[in-house]
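What follows is one structure encoded as structure tokens, with my remarks underneath.
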Amino acid sequence: MSVPAVLHSEWIKIRSVRSSFGSLLAVFAATLAITLLVFATVGRAEAEGGEDPVFGAFYAINFAQIAAIAFGATAVSSEYAGGALRISLSAVPRRGLLYAAKTAIVATAALVVGLATAFATFFAGQAFLGKYAIGLGEPGALRACIGGGIYLALMALFATGLTFLLRSAVAVLSLLIPFILIVSFVVGGIAEGAASYLPDRAGQQVLHQDPAGGLGAWTGLAVTALWAAAALVAGWWAVHRRDA
């Protein structure tokens with residue numbers, strides 16, 4: 001099969017599997033819904049508190065990253081249900097091509113939806129803030145919108161690589177979601193310097209108007225990219241070395 005044909009087939013897989021496509025849609029829909037709910041009720045009170053206005057605008061990204069992880073995991077785990085990977089390898093014997101195509105489609109879909117989510121979340125939240133609202137001209141705002149979309153794509157790729165390695169979306173979700181929601185904060189309370197290099201903490205530096213700590217906005221995002229790259233390399237090793 002040609003490269004365009006393999007890419008198209010991988011997109012069809014993602015679009016036709018309800019768990020993966022639903023997770024992709026949830027990145028946008030759930031984030032926007034939470035933004036509308038939060039900013040319509042307590043948004044202005046938070047703005048009056050003088051917190052980082054840029055970082056506060058992306059509160060719902062905490063939920064979007066969970067949906068992004070679920071998308072990356074379910075997009076891959078469908079290959080291990082009912083021997084689907086053997087069928088895929090029968091059609092595309094070159095494992096490197098199959099792996100690259102799957103990864104590219106996940107990355108593209110997550111990036112497009114991630115960017116749409118970040119910009120929609122920003123503008124939807126600011127609509128409720130009145131005189132406290134900020135625009136894209138606010139220092140760090142445009143960078144945060146673009147960086148937020150990239151961050152969500154990287155978290156999806158991080159989950160993609162781990163799912164190829166562990167062959168189970170349940171295992172990856174059971175590992176990553178508690179890690180982000182609990183372990184990251186526990187480590188941060190014990191050793192703040194070390195915690196800043198965790199994938200979620202590092203990547204979210206780009207959402208701050210003035211990133212604190214040793215990592216800058218884009219440097220933090222690069223750290224998250226390294227985590228994702230390491231997971232993808234491990235995933236490729238598993239696909240290359242293990243039987244389908």
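Evaluate the charge dipole of the stretch 19-140 about its Cα centre and quote only its size in Debye, nearest 20, assuming +1 on the Cβ of each Lys and Arg and -1 on the Cβ of each Asp and Glu. Before the final figure, lay out each step's value.
Numbers: 6 positive and 6 negative charges, 138 e Å.
The dipole magnitude comes to about 660 debye.
Once the convex hull of the alpha carbons of the stretch 64-160 is built, what does its volume come to per residue, in cubic angstrom? Intermediate results must be reported in sequence, preceding the final value.
Values: hull volume 8.9 nm³, N = 97.
Dividing the Cα hull volume of the stretch 64-160 by its residues yields 92 Å³.
Answer with one residue from 61, 175, 135: the one whose Cα lies farthest towards the positive end of the charge dipole of the chain, charges on Cβ with Lys, Arg +1 and Asp, Glu -1.
Ranked along the dipole, the leading option is 175.
What is the magnitude of the charge dipole of the chain about its Cα centre, with +1 placed on the Cβ of each Lys and Arg, -1 on the Cβ of each Asp and Glu, and no other charges, expressed in debye to the nearest 20?
Its charge dipole is roughly 1060 debye.
Tell me the volume per residue, in Å³, of the convex hull enclosing the alpha carbons of the chain.
It comes to 121 Å³ per residue, whole-number rounded.
Indicate the gyration tensor shape class of the stretch 168-239 (rounded, prolate or oblate), computed on the Cα atoms with a ≥ b ≥ c the square roots of the eigenvalues: a/c under 1.5 is rounded; otherwise a/b larger than b/c is prolate and the rest oblate. Mind dumping the intermediate values first?
On the way: a/c = 2.43, a/b = 1.45, b/c = 1.67.
Since a/c reaches 1.5 but b/c is at least a/b, the shape of the stretch 168-239 is classed as oblate.
Round to the nearest 10 and report in Å² the accessible area of residue 3, as given by a 1.4 Å probe over the protein chains' heavy atoms.
Here the accessible area works out near 80 Å².
Could you report the accessible area of residue 90 in Å², rounded to 10, computed with a 1.4 Å probe on the protein chains as they sit in the structure?
For residue 90, the solvent-accessible surface is approximately 90 Å².
Provide the net charge surrounding residue 236, with neighbours chosen by a C-beta distance below 12 Å and charges set as Lys +1, Arg +1, Asp -1, Glu -1.
+4
Using 0.36 nm times the number of residues separating residue 108 and residue 181, minus their current alpha carbon distance, what extension gain do you get?
The residue 108-residue 181 span can extend by a further 23.7 nm.
Round to the nearest 0.05 the FRET efficiency obtained for residue 194 and residue 136 when R0 = 35 Å and r is the Cβ-Cβ distance.
It comes to 0.55.
I'd like the distance between the alpha-carbon centres of the stretch 75-131 and the stretch 133-198, rounded to an integer number of Å.
15 Å
Considering only protein heavy atoms and a 1.4 Å probe, what is the carbon-and-sulfur percentage of the accessible area of the stretch 128-244? Could you put the intermediate results ahead of the total?
On the way: 3720 of 5360 Å².
The C+S portion of the solvent-accessible surface of the stretch 128-244 is 69 percent.
For residue 60, list long-range residues whose amide hydrogen, built 1.01 Å from N in the peptide plane, is under 5 Å from its own amide hydrogen.
Under 5 Å from the amide H of residue 60 lies no amide H from a residue far enough along the sequence or on another chain.
How would the stretch 1-122 be classified by its alpha-carbon gyration tensor: rounded, prolate or oblate, with rounded meaning a/c under 1.5 and the a/b versus b/c comparison settling the rest? All intermediate terms of the calculation are to be shown ahead of the outcome.
Numbers: a/c = 3.78, a/b = 2.91, b/c = 1.30.
Prolate, since a/c reaches 1.5 and a/b exceeds b/c.
Could you sort 151, 132, 197, 80 by accessible area so the largest value comes first, with the probe set to 1.4 Å?
197, 132, 80, 151
Taking Cα pairs under 8 Å and at least six residues apart, what relative contact order does the chain come out at, in percent?
Dividing the mean separation by the residue count of the chain yields 25 percent.
Add +1 for every Lys or Arg and -1 for every Asp or Glu among the other residues with Cβ under 12 Å from the Cβ of residue 224, and state the total.
0
Accessible area, 1.4 Å probe, largest first: how do 1, 155 sort? Walk me through the numbers before you get to the answer.
Details: 1 120, 155 5 Å².
I get 1, 155, largest accessible area first.
The values are calculated or read from the model by the stated rules, or taken from the named source; none is laboratory data. Only a predicted model underlies this, so the values are computations on that prediction, with no experimental measurement involved. Here the Cβ is made from the backbone with ideal geometry for all residues, glycine too, and neighbour counts use every protein chain on show. When the accessible area is computed, the model is the full protein with side chains, heavy atoms only, and any ligands, DNA or RNA have been set aside. Shrake-Rupley method; radii C 1.70, N 1.55, O 1.52, S 1.80 Å.
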